[in-house]
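Taking it in order: structure first as structure tokens, then the write-up.
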Amino acid sequence: MLSERSPLSLRAAAIGGLLFLHLPILLIFLYAFTTEERSFQFPPPGLTTQWFTTAWYDRPDIWPPLWLSLKVATIATSIALILGTLVAAAMTRTAFFGRDQISLLILLPIALPGVITGMALRSAFGIMDIPFSVWTIVLGHATFCIVIVYNNAVARLRRLSGGIMEASADLGANAFQTFRHVLLPNMGSALLAGGMLAFALSFDEVIVTIFTAGSGAEAKTLPIWMLDELIRPRQRPVTNVVAIVVFAATFFPILAAYYLTRGGSETAGMGK
Amino acid sequence: MTTAVTFQNVSRHFGTVKAVDGVDLTIAEGSFFAMLGPSGSGKTTCLRLISGFEKPTGGAIRIFGEDVSNTPPHLRNVNTVFQDYALFPHMNVRDNVAYGLMVKGMGRSQRHAKAEEMLALVKLDAYGGRKPAQLSGGQRQRVALARALVNEPRVLLLDEPLGALDLKLREAMQDELKALQHKLGLTFVFVTHDQHEALSMADSLAVFNEGKIAQIGSPQDIYDRPATRFVADFVGSSNVLPPDLTRALGGPPEWASLRPEATRLAASGPVSGPVTALRYLGSGTRVVLDLKGTEVAALVPAGQPVPAEGATSAIGFDPKDLHLMGAA
């Protein structure tokens with residue numbers, strides 16, 4: 001090893017910082033098993049798995065928000081995959097006046113605070129008389145999902161030598177054959193990674209959703225349902241059970257995206 | 001003799017940049033044709049005009065008599081060996097070579113058999129299952145060659161195909177390319193900025209300068225009788241004499257070229273100057289004189305006396321070896 005060992009104090013501080021960040025997540029898991037249902041007390045007076053059964057059998061109010069979140073994330077990701085890839089192709093394969101400025105505009109939704117995006121969309125929907133629905137939520141989510149897909153697609157397209165597209169045409173392939181046999185196989189893992197990240201981000205989005213979802217029960221996504229549950233305590237550990245589900249639904253796609261783009265120059269998660 | 005490729009007053013302008021400007025060119029079938037020139041001289045654009053990746057903004061291009069000015073690349077019966085090889089990184093070598101046959105709809109076993117045949121031709125029989133990333137530069141170059149040749153193109157275009165190889169490999173590949181071209185009887189169009197490569201490999205070559213052809217001819221024509229100062233300078237090794245020096249040496253007041261082999265040292269002459277450099281070449285010694293501010297090299301054959309550096313000498317030559325040329 002060329003590097004010296006860092007001083008003990010620095011290592012202790014680093015470990016302390018990591019623990020401070022990640023221990024609360026373990027507490028979320030722990031409280032899903034507590035026997036105390038009104039307040040989170042530490043240490044838990046006893047451990048039980050009853051809340052998993054309760055969540056599954058006795059709480060029909062969990063299912064509509066869960067389905068809504070899955071639906072929104074799926075549609076927003078699909079839109080992002082199509083539009084994000086097309087924009088990335090346009091940005092890397094052609095040169096036109098104002099390209100750099102437009103590229104900045106595409107990246108903007110990820111840099112803007114969610115409140116700003118949310119307010120802007122809400123007032124735009126108001127002016128255009130668009131009633132709040134699943135589709136307004138989807139639109140809100142798509143704004144940042146597109147950026148995620150775009151970032152991954154652009155990084156991959158830049159790394160691909162433009163020559164292979166020309167080589168394909170030179171060997172007699174038409175545009176569709178080049179897309180199918182050369183571009184898609186080389187873009188696949190980047191698009192999968194981008195899509196999974198976009199899905200994960202959409203699935204647990206709160207701020208933009210609050211602004212674009214209206215107020216009815218039919219507009220309650222899973223994270224918003226959880227927020228409500230914490231304010232109105234009743235079978236509190238059930239919320240933690242749902243939290244574990246959300247954790248799994250977002251963590252594993254992000255982990256997979258990390259491994260898919262590892263070793264490349266991809267900016268998988270950048271921002272958010 | 002049939003012509004493989006014809007350019008008729010072909011231009012390719014990018015806005016105000018005239019990458020190719022009014023080029024007339026005929027490439028004979030079965031010949032090894034080189035396009036030589038410095039970077040930015042238009043030689044690569046000319047190659048891309050033949051492959052179809054560039055469209056002419058003026059003039060007409062014919063391949064075996066057929067006007068292809070508006071034919072897209074995938075419908076032309078020409079194939080390219082790209083400078084960076086552009087192999088498909090996600091396919092193994094066999095699938096790379098078979099790609100052109102696959103997109104034409106040939107069945108798997110048949111196209112793989114043909115690909116293996118081609119790989120044998122470039123001496124890569126055992127490499128079909130490897131990925132391009134597992135090959136050396138020279139091997140990738142052969143794969144690119146096999147991938148182009150398997151389509152049986154009527155013209156093979158090579159864009160600086162040896163540029164990325166080290167010197168020894170490059171020389172070996174030069175011989176091999178030449179032998180392959182001879183064996184297949186195909187028309188090869190070869191782009192290079194290396195004058196030795198062009199002179200030693202081509203049957204005929206075009207020297208490009210600023211989008212135009214400065215001279216077109218056999219290697220010997222171009223070496224012995226450069227048409228312009230630019231050609232003499234670029235192809236190299238010839239002495240380039242400015243008009244006043246040409247006149248002082250007994251010629252007309254024009255730019256001229258004089259090969260060092262045709263130049264001998266003389267005790268006295270109309271112009272003399274100091275010896276500024278000596279280089280022993282084995283078969284002789286190259287002596288450089290400073291004549292009125294122009295460096296002029298003479299080749300002194302082995303066994304003849306060589307002046308010391310700093311000594312004053314004059315030159316002599318047979319007047320028929322003085323080659324007059326344009327100033328451009």
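The values are calculated or read from the model by the stated rules, or taken from the named source; none is laboratory data. Predicted model only: the values in this text are computed from it and were never measured. Counting neighbours? That spans all protein chains shown, and the Cβs are built from the backbone with ideal geometry, glycine included. Calculation scope for accessible area: heavy atoms of the full protein, side chains included, ligands and nucleic acids excluded. Shrake-Rupley method; radii C 1.70, N 1.55, O 1.52, S 1.80 Å.
Descriptive notes on the structure:
- Only one of the numbered conditions (1) more than 14 Å from chain B (Cβ to nearest Cβ); (2) buried (at least 18 other Cβ atoms within 10 Å of the Cβ) is violated by A:MET128, and that is (2).
- Those strands (runs of 3 or more DSSP E) of region B:142-241 in which at least 3 residues are within 30 Å of B:LEU101 (Cβ to Cβ), considering only elements entirely within it, cover B:155-159, B:187-192.
- Region A:158-187 - residue that is more than 9 Å from every other protein chain (Cβ to nearest Cβ) and open to solvent by 20 Å² or more (accessible area, probe 1.4 Å) and, of those, nearest to A:VAL245 (Cα to Cα): A:LEU184
- Residue in region A:40-63 that is assigned to a loop (DSSP other than H, G, I, E, B), open to solvent by less than 70 Å² (accessible area, probe 1.4 Å), among the polar types (S, T, N, Q) and out of contact with any Gly (no Cβ under 6 Å at 6 or more places or on another chain) present: yes
- Every residue from region B:133-154 that is more than 24 Å from the chain's Cα centre (by Cα), within 14 Å of another protein chain (Cβ to nearest Cβ) and open to solvent by 10 Å² or more (accessible area, probe 1.4 Å): B:ALA133, B:ASN151
- Exactly one residue out of B:ALA172, B:ALA164, B:ALA248, B:ALA232 is aliphatic (A, V, I, L, M), surrounded by fewer than 22 Cβ atoms within 10 Å (Cβ to Cβ) and closer than 30 Å to B:LEU291 by Cβ: that is B:ALA248.
- Residue satisfying all of: in region B:57-81; within 11 Å of chain A (Cβ to nearest Cβ) and under 24 Å from the mean Cα position of the chain (by Cα); most open to solvent (accessible area, probe 1.4 Å) among these: B:ASN77
- Where helices (runs of 4 or more DSSP H) fall wholly inside region A:69-160, the ranges with 2 or more residues that are at pLDDT 90 or above and of a type outside the set (Lys, Arg) are A:114-127, A:134-159.
- Any hit, region B:47-56, residues being touching a residue at least 12 places away in the same chain (Cβ under 8 Å), crowded, with 18+ Cβ neighbours inside 10 Å and more than 14 Å from chain A (Cβ to nearest Cβ): yes
- Residue count for region A:11-39 under the criterion of being polar (S, T, N, Q) and either without any contact (Cβ under 8 Å) to a residue 40 or more places away in the chain or surrounded by 11 or more Cβ atoms within 10 Å (Cβ to Cβ) (or both): the result is 2.
- Residue check for B:VAL296: assigned to a strand (DSSP E or B) and over 18 Å from B:ASP318 (Cβ atoms): no
- Residues of region A:229-244 that turn out to be at negative phi and surrounded by 14 or more Cβ atoms within 10 Å (Cβ to Cβ), as a count: 10
- Which numbered condition A:SER78 misses (of (1) open to solvent by less than 60 Å² (accessible area, probe 1.4 Å); (2) within 23 Å of A:LEU197 (Cβ to Cβ); (3) within 14 Å of chain B (Cβ to nearest Cβ)): (3)
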